[in-house]
Structure formats: structure tokens, C-alpha cells
Amino acid sequence: MTPDDLELLERLRDGTLAAATRDGLARRLIQDPALRAEMARDLRLGNALRAVALARDPQVAQRTLALIDAEQPVSSQRAVARVMASIAPWWRQPRTWIAAASLAAVITISFWLTAQPAIAWSDGAALFPGATVPADVHELRFADGSTVIIAPSSRVRLGDDAQRKHLYLDTGSIDAHVTTQRDGASFSVSTPYGDADVRGTRFQVAVADDSSIVSVSEGRVDVRHGDDAVSVAAGERVVAADQHVLPMVAWKDRRPLGRLVVAGPLGPPERRFTNDPNPNGWLFEPTLDAHSATLAQHLEATLAQTVTTLRSVGAQGVLLYGIEGGAHHYRTGFVGDPRRVPELAPEFDALADSLFARLRAAGLATGVTVSPWRLERLGATWQQTLDPATCAAELDGKIAYARKRWGCTLFYVNRTAPNATASDRIPDSALRLVAAHHPDVLLIIEDASAAQSAVGAAQALGGNRVPAGRAVIRLPWFQAKPTPDSLTAARAAKDILMFDPQVQEQADAIRGDQQLPVP
Amino acid sequence: MDADALDQLAIAAQGGDRAAFQRLVEELHQDLRIFVAVRTSAADQVEEVVQTALIATWRLLPRYEPRGTLTAWVKGIALNHLRKVLSSRARTPLAPLDALDGVLAREDEADLDEDPRTERLRHCLEHLNDQSRELVELRYRDEISLDALAARLGRSAGTLAVHLHRVRKALRDCIAPNGTSS
């Protein structure tokens, strides 16, 4: 089997093959006995693995006896069919592996014996208390007119009470339109990360790897997780994770962002001279005398040029990278601690307030980089220490400093450094806490792949890892020029284009992109 | 539970002891489910065939001679039912959407008399490396779809499909009559 065939096979198991694809596969299998044999063997082993993994069915004996009692005078085969159809009529035409596999867990003969009414309906099928919604059902209707749209690949289970309607959303997402609940009726949704109680509203729930996101379109939803309980109004979103319910602020301004690196390494420390005129590598100019008025002139000229370029593309703001200087960059990457500017870069510290004021006066939002780790001197060198328990507070302090001193609202959060390991990455939960503490700033979360390509950045930042609306795409800077495809993709994803205003090709490409949102 | 203990329950059940039959079903069900599952590519048939076989077991139990072969005897009943179901599905006039099921059912039917030695499966699973075992658990125990799994593990769906296939092939080799499970 080719890799494509194998993917087809998995999707056949998932029940996500389109009818035409199934038909095409059937034709191929008829013509290709070897493929047919291989695929059937593979499917059978998958079924066996599923059977091995299934927990013991505590109902099986009771169900079997009930079926034996109910069998007379019909045949056993018909009795099984009758019971299963009464519980979940869709079982006879399961196109999905998941639906079929979950059958064992949801069938309980007691429902049939007590003739409980259906709770919800989909096209051609009634769903009974406790049922798992089959994977190929994408809309549920309730007797009171409430409807639920289920996204593909979601897993939804029904509760046991028709009056107090309860959905369990294990994975995926739903869009619920709930009619006003009266006379003791209620509607609630439980996820692995929090519950939502509804009286009558329209709302959406999505389950991510480590959190659930509730968005309310109309009315109000009470979201609970851990000890937190938040009443979410129309137009608001919250993320439930780590036993907290945190508000999410969508960053509505989608105009481009500039990224200006003001300092960086001019060479490995061992190759630098002790009398280096520019040890911090300001503007990457080895001969620049950083201890004279020349530094101020050069920085101001660079900023003036940057402001002109940013205005020409309608940018919303600019982030300054490297304001702590580049002397230690080889060991630390961008320091990302504005509090250390007076210590590490006193020459910039003296100019910083006026430079940031100039950017603000040009109508630009300003920002800096911040790191979650502590930077400590270790003899002649430096050491970064990331403590998962305190890294949120570490970021909080750095952000608070830059906000207070320079009015910064844009923050690039470093997650990778030259000598950092995978374990040195800030936990997502800490990022969410920081986001909750600073709901009115834009946090741009760096990811390992983001440093390599725009595509990687879009995937890493546009997914569930950070709250939606905070994602930006970082275009490849230095020599790279954005391609029409990358711009189109960024537009589709509603990414904020981030570019280096010092690279003319990037500015030209963004300026030429007529469909960019305008200020 | 050993064969003699199963026979004792069978004898009690032959005398109409429903509690004994209930214990028998609880003992046999899991193995029976695996036995059927490894013989049909249609997952939706497994529970149906197992359930039908268990009901037939109650009806046919008076014919059973307690010789320590109850498990094999019940599996024989399940195999007969599976044969009927596969035959029916394979020969039903094919509607477009049923074509694939029919084709696969014919293939299952042809292989029905093979002995995949499923009793080895648990043992073989224990010999997978950690990464493969975790993948099997996520896919088959937790029922995570391919796309969700790819997103969760940060790998492409195609790569995961290939990995899953390799794991299944290794397990198939392991449980084969000349397998390497030992």
C-alpha cells in the first residue's frame, strides 16, 4: 500500500471518507486483489486492537439475558437488531469506525426495556439517553427547538435526561442555538475543561488539547471550571484551562507590525576586542562609537526611516528587539528583560524614553521582547533559568515595567534561546495566565518553528496554543521576501503580517498587497 | 478462569441457572470480541456477531459436552454466525455506498479459516516500543481520529498513517503462526 492508501485506510476507519472516495476505493479493490487482501488484513487487526483496548462491558451479561428473554418468538438475530435499532437506529448503516467502536459503550438494554423516549434527533435517527452521537451526524435537534451543529471529528455524548439536556463534548467543537429554557428545563455542555450552563442563547464550544474555548453569540452562558465560574456575555470568549476560566481578548487590529532589531551580536565574544567601540552591537555597525552622541544620531535616523516605512504600509506598531544590547547574544539570545536595560545597556537606557516617545507620537504602538527565564550572571558568563512555577510572574514583571515606562502594548514572548532545551519552554498555562493579567496587550508567542519559516509560524501561532486573536505571522526577515502565496495564506488566516521595515523587499511586498486591511 | 471452572458454570447454566450463565458471559465476552474483531474488517459487525453468538450459546448450551472446551465451542458458534453475516454482506446486491463493505466482506470470508492466534496479541503489544504503544493507545483505546491525532502529536496525517501501518504489520507478524512473539 502506498502512503496515500494508508491515509485512506485510516480515514475509512474514522468514517470520514466521502461517498465518491469510498466508491473509487471499492473499484480499485475489486481490480487489485493484493491491495484488497492487504487492506482487509490491516482493518481486521485494527479491529482487534480496538477490541483489546475496550474495557470490559459491565452490561453484557445483563443485556444478553434480557435479549434472551425478549427473543421469543423472534430469532436471536432479529432480537439483537431490534434492540440495537431501538437504541441507536444508525447502527445498521455505520459508515464510521468511531461510531461503531463506541457502540459497545453506549448500548444499555435498560433504556430499551424501560422504553425511554428519545432525547434528540438527527436526520432519520432518534438518539436516546446516554447515546454517543455517531461521527457522521452533524446536527442535533431537540424537542424544544434547540439545535446543535457538530463540527466534523467531534465526539459528543448525550446525557440521560430529556428535560435537563446535557451534552458531553469530549473532542471537537459545537455551535449550539438553545431556545429559552423554562419550567425546570436546562441545557448544559460539559467538556474535559469546564462546563457551560445555558438558559437560552447561541454559543460555541471548542475543545483543544489542553483547554476549552466558549464563545457566546447571543444571550449569556455560565462557564465553570475548577473553582472559577464566569458569566460570559454576547461577544465575549473565555478559555477554560488549568482549573481556571480566563477571559480572551481578541486583537481586532489586523494591520501589519514592524520588527526592528536595534542591536545584535557582531561576532563571538572571544573574537571581540576589549576596546571595541560598539560592544553591544548597536545597529550592527562595528565602527559605531556607542559611547558618543553618534549613537543617538544613528538610532534616531533609523527610527525616522522606520516610521516612514511603517506609515507607508499602514502599520499599527513596531517592536524593538535587542534593547538590552547584543553583547551577550551568543549565549542568551535576545535578553528579553527591559528591566535590565540600565545595567546591560546604559547607553541605550539614556536614549530609550525619547525614542519610544517618538514612536508613540507617530501614532505607532510600541513593543519589546520579553523572556520567561531569569538571566543571572555566573562568573564571567550568564545563565538562563526557567522555573515553570515562577515564569508567569517573571513575564508579568517585565511586561509591567515596559508598559509603565514606555507605554508598550506589544510583546514578543521568547520561547527559545540558543542554549535552551525543550524543557526550558514556558508552559502554555503560564502564557494563559499572563494573557489574563494583561488582556489589553498583544502577546506574540514565539515557537521553535516560528524562527524558521513563515509557514511554521502560522501553524504554531494560529492554532489552539494561544488564544485566537493573539496570533501573528512572522514573515521571514533578513533576505527573505514574502511570496504572493504566503501573503494570501496570511490573509486567509487573518494573521497580522510582521515584517522588518529595514528590508525594502518586505515592505514593498506588503505595500503592494492591496487586500491588506487598511487603518 | 480455567477450563474446568468454566465447565462447572456451563453445567449449572444447562440446569437453568441464569446467574451461572451471566458469569459465563462475563468471562467469555472479551476474548470473543477479540476473536470476532480480528476476523472482520467491518467494525460495526463485531458487537452484533458477539451478541448473537452469546444468545445462541444459551440456546445451544444443552448440547455442550463438558470436556474443557467451552471457549473453543463458543468461538465456533461465533465463527458460524460471522460466516453467515459475511456471506450475506458479500452477496447482497451492491448499492454504491455498500460496494466497499461487500468487497471487504468477501475478502474476510476468504480468510475466515486462518488462525491469527489473537491470544498472542496482548503479549505482542507489550513488546512494542513506548512510542508505538502510545500511538496504539491513542488511536484504539482513546479513539482519536487521524486528523486529531496528527494535530495532537504535531505530525502529518500521512506520516502517522504510515507509522500506524508499520505497527499493525509488526503486530500481525508477531501473532502469525510462525510469528516472532516468543
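Things to note:
- Qualifying residue in the stretch A:175-192 (condition: within 14 Å of chain B (Cβ to nearest Cβ) and within 28 Å of A:His244 (Cα to Cα)): yes
- Residue within the stretch A:394-417 that is hydrophobic (A, V, I, L, M, F, W, C) and at pLDDT below 80 present: yes
- Residues being open to solvent by less than 20 Å² (accessible area, probe 1.4 Å), in a strand (DSSP E or B) and under 30 Å from B:Leu149 (Cβ atoms) - total across the stretch A:127-164: 7
- Counting only helices (runs of 4 or more DSSP H) that fall entirely inside the stretch B:1-93 and contain at least 3 residues that are buried (at least 16 other Cβ atoms within 10 Å of the Cβ) and small (Gly, Ala, Ser), the qualifying elements are B:3-14.
- Scope the stretch A:6-35; condition charged (D, E, K, R) and at the interface with chain B (Cβ under 9 Å from one of its Cβ atoms); matching residues: A:Glu7, A:Glu10, A:Arg11, A:Arg13, A:Asp14, A:Arg22, A:Asp23, A:Arg27
- Odd one out for A:Thr366, checked against (1) hydroxyl-bearing (Ser, Thr, Tyr); (2) modelled with pLDDT of 60 or more; (3) more than 26 Å from A:Val313 (Cα to Cα): (3)
- Screening the stretch A:340-372 for residues that are in contact with a Gly (Cβ under 7 Å, 6 or more places away or on another chain) and either in a loop (DSSP other than H, G, I, E, B) or open to solvent by 10 Å² or more (accessible area, probe 1.4 Å) (or both) and picking the one that is nearest to A:Asp289 (Cα to Cα) gives A:Ala345.
- For the stretch A:278-307, filtered to residues that are within 19 Å of A:Ser354 (Cβ to Cβ) and among the β-branched types (Val, Ile, Thr), the residue that is farthest from the chain's Cα centre (by Cα) is A:Thr294.
- Failed criterion for A:Tyr168 (all others in (1) of a type in the set (Phe, Trp, Tyr); (2) over 23 Å from the mean Cα position of the chain (by Cα); (3) over 19 Å from A:Ser231 (Cβ atoms) hold): (2)
- Of the strands (runs of 3 or more DSSP E) lying entirely inside the stretch A:236-300, the ones with 2 or more residues being at pLDDT 85 or above are found at A:257-261.
- Restricting the first member to the stretch A:142-163 and to residues that are within 14 Å of chain B (Cβ to nearest Cβ), and the second to residues that are charged (D, E, K, R) and assigned to a loop (DSSP other than H, G, I, E, B), the beta-carbon pairs closer than 9 Å and six or more apart or on different chains are A:Arg155/B:Glu143.
- Residue within the stretch B:133-144 that is more than 8 Å from chain A (Cβ to nearest Cβ), exposed (fewer than 15 other Cβ atoms within 10 Å of the Cβ), at negative phi and modelled with pLDDT of 85 or more present: yes
- Criterion violated by B:Thr52 - all others in (1) at the interface with chain A (Cβ under 8 Å from one of its Cβ atoms); (2) under 13 Å from the mean Cα position of the chain (by Cα); (3) under 30 Å from A:Asp23 (Cβ atoms) satisfied: (2)
The values are calculated or read from the model by the stated rules, or taken from the named source; none is laboratory data. Being a predicted model, the structure only gives us computed values, none of them experimental. With ideal geometry, Cβ positions are generated from the backbone for all residues, glycine too; neighbour counts draw on all protein chains shown. Keep in mind that these areas ignore ligands, DNA and RNA; they rest on the heavy atoms of the full protein, side chains included. Shrake-Rupley method; radii C 1.70, N 1.55, O 1.52, S 1.80 Å.
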